[in-house]
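Have a look at the structure below, then the notes.
The values are calculated or read from the model by the stated rules, or taken from the named source; none is laboratory data. Predicted model only: the values in this text are computed from it and were never measured. Here Cβ is always computed from backbone atoms with ideal geometry, including for glycine, and neighbour counts include all displayed protein chains. Side chains included, ligands, DNA and RNA excluded: accessible areas come from the protein's heavy atoms. Shrake-Rupley method; radii C 1.70, N 1.55, O 1.52, S 1.80 Å.
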Amino acid sequence: MSLFHPVNLVCPKCEAPVVTMAVGSVNADRRPDLREDILSDRFQDIECEACQEGFRLQPQFNYLDVGRGQWIAAMQADRMRTHLQVEDEAALLFSESYGDNAPAAAQQVGKDLKMRVTFGWPAVREKLLLREHDLDDVVVEMMKLHILRSVPSVPMAEGIELRLVDINEDNDAFVFTWLETATEKAIEGLSVPRDLYAAIAANTTAWEPMRTRLENGAFVDMQKLYMGEGRPSD
Ligand SMILES: [Zn+2]
């Protein structure tokens, strides 16, 4: 079931009160239209009735897609700095819903679900897009690390991130965009040959230590490699 609840907001432009329905959980198997909305960058878009200003409610929901094996705790962009805490909360919720502490039938469903934590709209959209194209998100994060080391200038700053936003029509290039996490504003785009994905995916030995670090927790995102102390590895 997809669950919605009313929330009271204030229009960022005219400060009129706006009441909207916020989603607490998305079931993509039953509501494929909500998955489409996320992929089309229009989910939880709001328009102020007083001044017609458009804005968007930040994500704060659990996303379930049994058919595609995805379970995502999609959180607000500004919670990224608390990613370890969010990961722990998500792991607990997953465990009770589909993991070790869930009823047997739910555990059966859970064994095919990949748990992820994301912050902001571009991140959750990226996870859906990667699954759509049967791509390993860990390898795509490694591609980003490679890009950081390879291109002469990167618009890196706090609140700016690199996201895969599309695969080109010929299916031979990945389209990345540097964007502002909170506003989704695009800053700079770049196209990367698909061969890079294949090369990194094939070179498992060299990338193994990085894979271990990226998969240490459900927040599979290169940004965690340079945020705070990180999670101790065991
Ligand atoms: Zn307004």
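Between VAL139, VAL124, VAL18, which gets the highest mean-square fluctuation from a Gaussian network model of the chain, Cα cutoff 10 Å?
Ranking VAL139, VAL124, VAL18 by mean-square fluctuation puts VAL18 first.
May I ask you to derive the relative contact order of the chain, considering only C-alpha pairs under 8 Å and at least 6 residues apart, and to give it as an integer percent? Working shown, then result.
Working: 356 pairs, mean separation 33.6, N = 234.
Worked out over the chain, it gives 14 percent.
Please compute the modelled spin-label separation between ARG68 and GLN223, points set 7 Å along Cα→Cβ, answer in nm with one decimal.
Going by the 7 Å Cα→Cβ label model, 2.0 nm.
Comparing ASP88, ASP112, ASP134, which has the greatest mean-square fluctuation in the GNM of the chain with Cα pairs linked when under 10 Å apart?
Fluctuation is largest for ASP134.
Residues with amide H under 5 Å of VAL18's amide H, sequence separation 5 or more or different chain, H placed in the peptide plane at 1.01 Å from N; which?
LEU9, VAL10, CYS11
Given Cα pairs under 8 Å that are at least 6 residues apart, what percent is the relative contact order of the stretch 30-135?
29 percent
Using only the Cα atoms, work out Rg/Rh for the chain, with Rh taken as the Kirkwood radius, to two decimals.
For the chain, the value is 0.97.
Determine, for the chain, the count of lysine pairs separated by eight or more sequence positions (or lying on different chains) whose alpha-carbon distance falls under 19 Å.
Lysine pairs meeting both conditions in the chain amount to 9.
Taking every pair of Cα atoms in the stretch 79-204, average 1/r, invert it to obtain the Kirkwood radius, and report Rg/Rh to two decimals.
On the way: Rg = 16.7 Å, Rh = 16.3 Å.
Checking Rg against Rh, the ratio lands at 1.02.
For the chain, set up a GNM with springs between Cα atoms under 10 Å and report which of GLU158, GLU180, GLU141 has the largest fluctuation.
GLU158
Rounded to a whole number, what % of the accessible area of the chain do carbon and sulfur atoms account for, probe 1.4 Å? Display every interim value, and only then the final one.
On the way: 6170 of 12290 Å².
Using a 1.4 Å probe with all protein chains present, the chain comes out at 50 percent carbon and sulfur.
Could you go through the stretch 5-20 in sequence order and give the Karplus-derived ³J(HN,Hα) for each residue, using 6.51 cos²θ - 1.76 cosθ + 1.60 with θ = phi - 60°, rounded to whole Hz, and x for Gly and Pro?
In residue order, the calculated couplings are 9, x, 10, 9, 10, 10, 4, x, 9, 9, 6, 6, x, 10, 9, 9 Hz.
Per residue of the stretch 75-89, what does 6.51 cos²θ - 1.76 cosθ + 1.60 with θ = phi - 60° give for ³J(HN,Hα)? Whole Hz please, x for Gly and Pro, Karplus curve as stated.
10, 5, 4, 6, 9, 4, 5, 9, 4, 5, 5, 5, 4, 5, 4
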